[in-house]
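Notes to accompany the following structure.
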């Protein structure tokens with residue numbers, strides 16, 4: 001079923017674009033409630049400013065008739081650019097999907113099938129960035145599962161287990177809790193592996209005194225959770241580790257307290273960054289504070305110095321400060337939050353306290 | 001380590017392009033033997049016709065120094081288009097990656113950082129289409145594992161098991177046989193579900209008399225296998241089913257016999273299609289005969305009526321005719337082949353005979 005309310009919100013953001021050509025399966029799911037994964041083949045949802053909506057779909061993929069949606073089937077041997085000229089006017093400004101692949105876009109541009117091509121995703125992305133009630137409920141539930149899962153994941157940490165052996169058990173646990181999949185490949189990092197923010201689980205074995213960093217998320221009815229906790233394995237943190245942990249925790253909590261409708265995203269980033277910089281670890285906080293999330297684990301919208309937009313009620317994003325000191329430790333504490341008029345609703349309830357896994 | 005031989009083969013195909021900007025992680029792995037998955041961030045391998053090779057990589061991703069490769073780091077707050085102008089000349093014709101996302105390509109085009117942008121992937125793709133010795137060995141091994149796996153997968157078919165329950169066991173089996181992953185999500189289709197060529201495993205339960213279609217592949221050291229077999233569950237096929245099965249088998253085997261260096265890909269497709277058309281089922285063979293395969297399960301190159309190039313020695317592709325009759329049955333028989341000067345080497349050895357699972 002088409003979600004007319006969402007499509008109308010998208011059209012209201014089109015400005016001088018005459019049409020949008022959206023190809024991202026996530027955006028299409030958001031707008032017409034159908035998952036279509038066309039592999040390497042072209043998939044396009046053409047949204048005309050006048051409200052007409054058409055779907056270009058390879059004939060290989062079965063599709064039920066959908067009210068209000070015109071289906072335009074093509075086959076592997078059709079000339080796609082020619083087909084598009086029947087539906088796209090030469091005088092139009094067309095907003096194309098930010099993910100549209102060059103192999104589809106270059107022939108459109110080089111054959112001049114429209115007056116100009118600009119980014120079209122922004123209209124969908126800005127709509128998706130403000131979650132509706134249905135989405136907020138799904139995001140809450142997804143994070144609730146993630147909280148439960150974190151308690152189980154942590155309990156898998158035993159001396160000698162490898163990061164991979166631990167991570168390989170997560171998917172079944174998520175499924176047993178009602179999730180359908182990961183929202184991203186889980187990160188498990190032992191010891192100084194945690195000082196690489198993108199470390200992937202490998203054969204490293206857990207030793208007494210290691211840090212255990214777990215950065216995980218699941219999908220519940222298509223909606224993503226994402227949370228990080230950093231534990232200590234069978235040994236209290238030393239003074240320096242405790243200092244780093246508490247700096248990251250304060251950065252997280254100060255930022256969460258700062259969030260509310262109208263506050264600029266860059267200032268939320270700065271709130272956390274100032275804490276870490278004042279603690280002397282600024283150069284070890286190497287990434288943005290957070291990212292928007294929903295149907296995808298990373299959606300349009302950053303909590304970073306580059307993003308000067310004010311946040312809006314019902315934005316959902318991560319708050320994930322970290323310190324990655326290759327000599328001492330890596331640490332990250334991440335929650336998801338929903339912006340409200342008065343502050344924010346933190347979706348994760350797994351505690352922030354220093355926790356020693358015994 | 002950079003693979004200079006492969007890079008030189010790519011440069012030899014550049015024609016009037018002054019540089020290539022390659023962003024596909026698979027192509028980059030092929031050329032510099034490093035897996036980099038940049039998520040939503042830009043990744044670009046710039047290959048200058050003069051032999052210089054540079055890698056644009058977000059500073060978040062650790063990267064070891066590599067001989068002959070210039071690393072150009074950028075951060076989330078850098079202006080990427082501006083950075084590229086330092087390395088790309090305004091007068092150049094730049095061949096960009098076919099998968100380069102519009103969000104990176106449109107600013108380059110709209111800021112006119114080069115004279116023109118054309119497809120650049122074709123230079124890499126045509127190089128990748130001709131496998132070298134190392135690749136052929138890995139492809140053989142990957143398909144050998146797939147043959148072994150098929151025998152095990154088939155034995156999981158029991159009355160009442162669901163497609164999903166069956167498919168959920170495949171990954172562990174592949175891993176136990178030495179593969180690291182799927183090459184694509186496995187297809188298991190019971191009964192008339194097999195008449196949808198892109199059916200995904202669902203809750204459908206296996207019944208006596210069902211067809212069991214299994215289309216699966218694994219990755220071995222990064223190289224993909226892909227094979228389909230169609231079994232019958234505890235009941236001999238009826239006359240019509242047997243006719244359909246034998247038509248598909250003959251289409252597969254006639255096409256495999258026809259393959260050799262210099263034969264046109266469209267004519268291989270036609271060889272199989274003629275068999276099925278002459279049998280009266282032409283309209284139920286709804287897809288191309290095959291696709292090229294290697295590091296990716298679907299690579300550049302089709303065995304279809306649209307692909308009139310002759311095949312070359314050391315091309316590797318699938319031969320996968322099918323009949324999808326929604327009233328009677330769906331059936332597909334797929335092998336991978338390596339083109340040789342004299343014919344082809346079929347990589348799959350699991351038999352084509354009608355097999356009844358008891």
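Taken together, the values in this text are just the output of simple stated rules run on the coordinates, not laboratory data. This structure is a prediction, so every number in the text was calculated from the model and none was measured. All Cβ positions, glycine included, derive from the backbone under ideal geometry; neighbour counts span all protein chains shown.
Results, tabulated for the structure shown:
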read-out: Average other protein chain Cβ within 10 Å of Cβ, residues B:35-41; value: 3
read-out: In degrees, nearest ten, helix A:239-258 long axis to first principal axis of chain A (Cα); value: 40
read-out: Distances in nm from residue B:278 to the matching label points in the other copies, shortest first (labels 7 Å along Cα to Cβ); value: 8.4
read-out: Test item: A:106-112 mean partner chain Cβ contacts at 10 Å; value: 3
read-out: Taking chain B and dividing mean pair separation by its residue count, relative contact order in percent (alpha carbons under 8 Å, at least six apart); value: 14
read-out: Cα-based Kirkwood hydrodynamic radius, chain A, one decimal, Å; value: 22.0
read-out: DSSP bridge orientation in the protein assembly as shown - percent antiparallel, rounded to nearest 5; value: 75
read-out: Contour excess over end-to-end distance, with Cα ends at residue B:137 and residue B:306 and 0.36 nm allotted per residue; value: 57.9 nm
read-out: On Cα atoms only, tilt of A:133-155 relative to the major axis of chain A in degrees; value: 30
read-out: Inter-site label distance for residue A:203 and residue B:152 at 7 Å from Cα along Cβ, in nm; value: 2.0
read-out: Per-residue mean of C-beta atoms belonging to partner chains within 10 Å, peptide A:82-91; value: 0
read-out: Label distances, nm, residue A:155 versus same residue in remaining copies, Cβ-directed 7 Å point; value: 3.5
read-out: Copy-to-copy label separations for residue A:358, where each label sits 7 Å from Cα toward Cβ, in nm and ascending; value: 5.8
read-out: Tilt relative to chain A, helix A:265-278 - C-alpha long axis, 0 to 90 degrees, to 10; value: 20
read-out: Spherically averaged projected area in nm², based on the convex hull that wraps the Cα atoms of the protein assembly as shown; value: 30.7
read-out: Computed P(r) (all Cα pairs; the stretch B:114-181; 5 Å bins; percent); value: 3, 13, 16, 14, 12, 10, 10, 9, 6, 4, 2, 1, 0
read-out: Mean Cβ neighbour count within 10 Å, used as a protection proxy, ranking B:304-317, B:136-149 highest first; value: B:136-149, B:304-317
read-out: Label-to-label distance, nm, for residues given as residue B:242 and residue B:254 (7 Å Cα→Cβ offset); value: 2.0
read-out: Residue B:116 versus residue B:356: modelled label distance in nm, points set 7 Å from Cα along the beta carbon direction; value: 6.4
read-out: Ranked packing of B:230-242, B:332-344, most packed first, by mean Cβ within 10 Å; value: B:332-344, B:230-242
